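Structure first, then comments.
What follows draws every value from the coordinates through simple rules; no lab data is involved. All values reported here derive from a predicted model rather than from experimental measurement. With ideal geometry, Cβ positions are generated from the backbone for all residues, glycine too; neighbour counts draw on all protein chains shown.
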Amino acid sequence: MKTISRIRNTAMALCLIATATAASAAQYKFGHYFSTEDFRGVTAAKLAENAKAASSDFDITVYPAESLVKGRDALQATSRGTVDFYSVFAGYLTGSVGLMKVFTIPFPVAAYDDARMMAFANDPEVIALLDKALEKSNVKLLGFINSSGQTPLFFREPLKSLADVNGRKIRGVGGYSDNALKAMGASIVFMSAAEQFIQLETGGVDGVITTESSYVSLGLGRVAPYATASTVLRTPYALMMNKRKWDRLSDADKTALMKAVKETIDWSNTHFTEESDRLAKATVEQAKAMYEFTDADWAEASKARNAAMAEFVQENGEDGTALLEIFKRYH
C-alpha cells in the first residue's frame, strides 16, 4: 500500500501541473473521468510516470475527472486529437466499435475473475482484432490498463429476484448487459458516472449498473443502498492514443511507450486484488442489503449470457467469431 499511497499523494501534481522538461520533449494530454484518488486515476498517473521514465520524449499531463473530456466523448476526442490519450470503460466504446461488446457479455461465470478478464483483454490476438477496429476511428489501442472489478446492480428500493428489474429505470453501460435487462423488462437510461448520484436521489433512475469503485467513491450507498452480490459484467479500461500521434513516434519511442504500458498493466494487476478487496468491504458497509442470486436467477442469467454470445457473432461476423472463441478460452 506504500506504493499506492505515494502515487496518490503525487497524483494531483502530475495531473494539474505540466512537468518542466527539455525543449525536445513532446507535450501530451491524457484524459479520464476518475478522481485522482480513485485506483483508476492512480493507474493513469502511474502510466504518465512510467512513460516519462521510459523516454524523456514523453511529457504527459493528466486531466482527471472529465476536466478536459467527458467519458462518453472519449473516442471522438481521442480521434480528433483533443486528447492524445484516454483511459475509458470499454462499454462506452460499443456504440462505435461493435467488437468491444465482447466485454459487455452479461453475468460472467465465477471463474471469470479480474485476472482472467485482464489476461483475455490483453491477449495479443485480442489486441490485434480490436486495434484493427479502432484504427477506423483514427485511434490506436495500446492495451487495457485496469479492470472494472465487480460491476453490480444498485437500487433505490429492495430487489426480490432478478426478474424484479421489470419496470425499473436503470442506468446502463452499453452493449449486451443493457440488452439483457431490457429483455427482462427494464428501461435503460444513459448518463455519465458523475450524474448517477443526482439521478438516483431525484428518482431519475431506479437503479444503476456501476463499479464498486464508483459506488464507494461517489457515496451512492446514500441513494442506492440495495445491491446485487453478483456482478452484471466485468469490463476493462482501454488505453487509447490518437493514431496520428502514434504514427509520428520514432520506433524507439513506440518501444518505450509500450514498455511503459506493460509496466502499468503489471502494476495495476499486482495491486488490484488488494484494491478489489477494499472496495468489496466498503460496498458491503455502505449498502443496506446485498441480494444473492438464486438458482432461478442464475438460470436466467445464463440464458442472457448465451443470447449475448450468439448475437455477438451474428453482429460481428468473422472477427466476432474469432474473438468469441478466444473469450471462451478464458471464460
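Going 7 Å from the Cα of residue 131 toward and past its Cβ, which residues in segment 260-294 have a backbone nitrogen under 17 Å from where you end up? Only 260-266 pass the distance filter.
For the peptides 262-269, 144-151, the ranking by mean Cβ contacts within 10 Å, running from highest to lowest, is 144-151, 262-269. Extension gain for residue 82-residue 306 works out to 76.8 nm (0.36 nm per residue, less the C-alpha to C-alpha distance). Packing, taken as the mean count of other beta carbons within 10 Å per residue, orders the peptides 176-184, 84-92, 283-291 from highest to lowest as 84-92, 176-184, 283-291.
Could you state, as a whole-number percent, how many of the C-alpha pairs of the chain are farther apart than 39 Å? Summing the P(r) tail past 39 Å for the chain gives 10 percent. Computing FRET efficiency as 1/(1 + (r/R0)^6) for residue 296 and residue 258, where r is the C-beta to C-beta distance and R0 is 51 Å, gives about 0.65. Modelled label positions at residue 37 and residue 321, each set 7 Å beyond Cα in the direction of Cβ, lie 5.1 nm from each other. Sorted from greatest to least, the principal axis extents spanned by the alpha carbons of segment 178-331 come out as 53, 37, 28 Å. Counting neighbouring Cβ atoms within 10 Å and putting the fewest first, the residues 298, 246 line up as 298, 246.
Taking Cα centre as origin and charging only the Cβ of basic (Lys, Arg, +1) and acidic (Asp, Glu, -1) residues, the dipole magnitude of the chain rounds to 520 debye.
Connecting C-alpha atoms closer than 10 Å in a GNM of the chain, tell me which of 26, 54, 133 has the biggest fluctuation. Sorting by GNM fluctuation, first place goes to 26.
Taking max minus min of the alpha-carbon positions on each principal axis, segment 250-314 gives extents of 55, 42, 14 Å, largest first. Among residues other than residue 31 with Cβ under 11 Å from its Cβ, the summed charge is -1 (Lys and Arg +1, Asp and Glu -1).
Its Cα gyration tensor gives segment 80-172 an equivalent ellipsoid. The semi-axes, each the square root of 5 times an eigenvalue, are 29, 17, 12 Å from largest down.
Sort out for me the Cα centre separation of segment 182-201 from segment 241-271, rounded to whole Å. Value for the Cα centre distance between the two parts: 34 Å. Remark: the residue 67-residue 285 segment gains 75.5 nm on full extension, using 0.36 nm per residue and subtracting the alpha carbon distance.
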